[in-house]
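Nothing in this text is a laboratory measurement; each read-out follows from the coordinates by a stated rule. Since this is a predicted model, take the numbers as computed values, not measurements. Cβ atoms come from the backbone with ideal geometry, glycine included; neighbour counts cover every protein chain shown.
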Ligand code: GLA
């Protein structure tokens, strides 16, 4: 058995302490192209990855992420009334937001007050004296759509009547009023299973859709019950996080959490890191630009949360930049993710666009000092005969030129540069940025003492490393890199697999390819413990390129005399 170095022995990241990433030294090309959805596999059966299109709730809506406005972030409970909502609809039209693609005008909590003796939900007459149907008519007359809010529990988060036991009745009522979008919150649910309870709404939405009134279904369980696993078949979007606050730490935390499940997103089904805070005053313009950049790169719903009647020109331009919005609304519906981590908060995120060979790229600086950042052509899964890429700055809306192998730019503290990148000449699209593996956990029992071992080849040379994870009670983010190893006579060993971060509250493992060369012949091996018993399995997944998803479970195993074995690590949709 090869000994892995201890964490202390391991070399640190490529970025020296003064925040300057060392210049990339490698200009080698990725090996043979691999279809994005089919990976050659060996002993554990073919790891066939299935395109995610078919998973969405099939109501034909939200084929691109919904764009609109919601009352909560700015007006909360007390500031919500029909005058404000009408004025916001007017402002959506007059400010140019409608022209930019925003269409949903959404009431959040506190529009409802009671139920009739027949159980029909009643709007708060002090806030909505004309009723919701009249408001829907008003909004529709402006070419916009109306959204309402409810809660899957007995009461909303603000104590208004919830929909529990009235799911179908409420959805039918909203449909009769002409409502186009429904957000369903998760307060006061007293132990209900979210997938089951939200599934009751799905049935109700399917019924009204069959009768001619489809509505967008926005799930809001705050990411608590892994909605990226059941959300795509249940609703059109699902919150991945707790509530956003108008502050950098909250915004970037929500972005990182929501970026953990890129494979769940598809036309009609979106991870939702919560509504926008742009223009509410708690972040700098630079931070708000990062906010919109990351939401667009992640194909997140863009639901503005500011006062549209009094936007500064800067806020308006952040919300309406057509080239940035085009990234969010790209018809391929892929969610971008981190493709290179230079350390110290200097990251590159990328999103494959519908046009073959095109990538949207965010050069992110999460740190509090300005720093150079580098985009490497191979990190984007692009190949070009001359190693060239053409680069356009999407916020500035200017072409930056043609660059060989890498593009360098200094990014301000908490800033994001957003680019459109394509091969410079006749380059070819490798289908996806290089490897990104998501291992989801499908066992309800605690999985502890996990050792994740990786064997792979770079330039035909065998590499080997492992990472120990004490308890799979959160998401572990790992990086895979074949550089910096030492030859032990039979293979390269070193700190190839390393933990780069964790996200609380989610059991999953993410592995990002941070090597600019082709990583091939990958075998993932797991050894873990459930209830004191040892389990083991492995999966061969071929080349580490594009999105891959595996599921880890201890269920269905058989005892072989020394450990539980079976198809415990296997390909999955998510
Ligand atoms: C929860 C939701 C928020 C908002 C409030 C309203 O906190 O997550 O988005 O809807 O309830 O009470």
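Tabulated data
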| read-out | value |
| --- | --- |
| Listed peptides 440-449, 290-299, 375-384 by packing density, highest first (mean Cβ within 10 Å) | 290-299, 375-384, 440-449 |
| Folded to 0 to 90 degrees: helix 82-94 orientation relative to the chain principal axis, Cα | 60 degrees |
| Helix axis angle, 131-141 relative to the chain longest principal axis, alpha carbon, degrees | 70 degrees |
| Whole-angstrom gap from region 125-191 to region 410-428, using each part's C-alpha centre | 42 Å |
| Size descriptor, Kirkwood hydrodynamic radius, that averages inverse alpha-carbon separations across region 67-328, Å | 18.3 Å |
| Of all DSSP beta bridges in the chain, antiparallel share, percent nearest 5 | 70 percent |
| Between helix 194-210 and the chain: long-axis angle, C-alpha atoms, 0 to 90°, nearest 10 | 60 degrees |
| Value at 222 nm in deg cm²/dmol, rounded to 500, when DSSP H runs of n ≥ 4 in the chain each add -39,500 (n - 2.57) | -5500 deg cm²/dmol |
| FRET efficiency, residue 224 to residue 410 (Cβ-Cβ, R0 30 Å, nearest 0.05) | 0.15 |
| Kirkwood hydrodynamic radius over Cα pairs of the chain, then Stokes diffusion coefficient at 10 °C and 1.306 mPa s, in µm²/s | 64 µm²/s |
| For q = 0.25 Å⁻¹, Debye-computed log10 I/I(0) when each Cα of region 472-574 counts as one equal scatterer | -1.39 |
| Theoretical FRET efficiency, 1/(1+(r/R0)^6), r = Cβ-Cβ of residue 63 and residue 314, R0 22 Å, to 0.05 | 0.10 |
| Projected label distance in nm at residue 115 and residue 141, using a 7 Å step from Cα toward the beta-carbon | 3.3 nm |
